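Enquirer: For reference, the structure I am asking about is given below.
The values are calculated or read from the model by the stated rules, or taken from the named source; none is laboratory data. Given the structure is predicted, the values throughout are model-derived calculations rather than measurements. Neighbour counts run over all protein chains shown; Cβ positions are idealised from the backbone, glycine included.
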Amino acid sequence: MPTVEAAQKFDLTLTLMTGDLAQHKTIAEWTNGVRIAHRGHIEAAKRDILKHRFIGGGAAALGAMSATAVFANIRESPKTWVQVLAGALVLLTVSLTVINMFLNYAGRAASHTSASSGYGDIRRQMEERLMTETLDPAFLAEFRMTWTTLDRDAPTIPSRIYSSVFEAVTGRPLKPKKQGRWSRRQQSG
């Protein structure tokens, strides 16, 4: 005698064969993928802006201190430790400025902001289309092409941010947590 579970599995198999569930699953995966990219780029932009401000602010503060030390040296008899400190501050200021320019956190933040805007736009298009109309093949093809273009042009989302956003959007971790040596022993015994 067939059970309720067997009947549900049969219905699920039939739905998969007809494509309705497969289409809904694909649309859900696409929507989640775009949502992850949208939020990931927002978080990456925030992180890069903070790094830019931290390094740039540090360079500005050190520049002010080194200028003060140099001007203080001009008036008084120069002491060796003050000259060394002033020189070290100048070198540190220059180093931070060069690092900030080389890493280009401000430019990366702008790229992430632009990408998040694009992903947000196509996410809203998909959500609006799901609420108001059916998803015809022409819309899906255009959506996929736009998404592919965004993926190609967007900067890479750092893996920590991507994992965090993936878990927030899907409710599950990107990678299953590794079990330690002791946890396997405790489960088996």
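Enquirer: Looking only at the stretch 18-45, which residues are aliphatic (A, V, I, L, M) and at pLDDT 90 or above?
Expert: If the condition is that a residue be aliphatic (A, V, I, L, M) and at pLDDT 90 or above, then VAL34, ILE36, ALA37, ILE42, ALA44, ALA45 are the ones that fit.
Enquirer: So ASN100 clears everything in (1) surrounded by 15 or more Cβ atoms within 10 Å (Cβ to Cβ); (2) of a type outside the set (D, E, K, R); (3) modelled with pLDDT of 90 or more; (4) under 21 Å from the mean Cα position of the chain (by Cα) except one condition, right? Which one?
Expert: (3)
Enquirer: OK, next. With LEU50, LEU21, LEU62 as the choices, which residue is surrounded by 17 or more Cβ atoms within 10 Å (Cβ to Cβ) and either among the charged types (D, E, K, R) or over 20 Å from GLU142 (Cα atoms) (or both)?
Expert: Unique residue meeting the criteria: LEU62.
Enquirer: Could you grab me the full set of residues in the stretch 92-117 that are free of Cβ contacts under 8 Å to residues at least 40 places away in the same chain and either among the aromatic types (Phe, Trp, Tyr) or closer than 15 Å to TRP30 by Cα (or both)?
Expert: PHE102, the sole residue that qualifies.
Enquirer: Let me ask something else. What is the residue count in the stretch 20-59 for residues that are touching a His at 6+ places or on another chain (Cβ under 9 Å) and not hydrophobic (A, V, I, L, M, F, W, C)?
Expert: 6
Enquirer: Search the stretch 46-75 for residues that are within 16 Å of LEU89 (Cβ to Cβ) and modelled with pLDDT under 80 and pair each with any residue that is buried (at least 16 other Cβ atoms within 10 Å of the Cβ) and among the basic types (Lys, Arg) when their beta-carbon atoms are under 7 Å apart and the residues are at least 6 apart or on different chains.
Expert: From the stretch 46-75, no pairs qualify.
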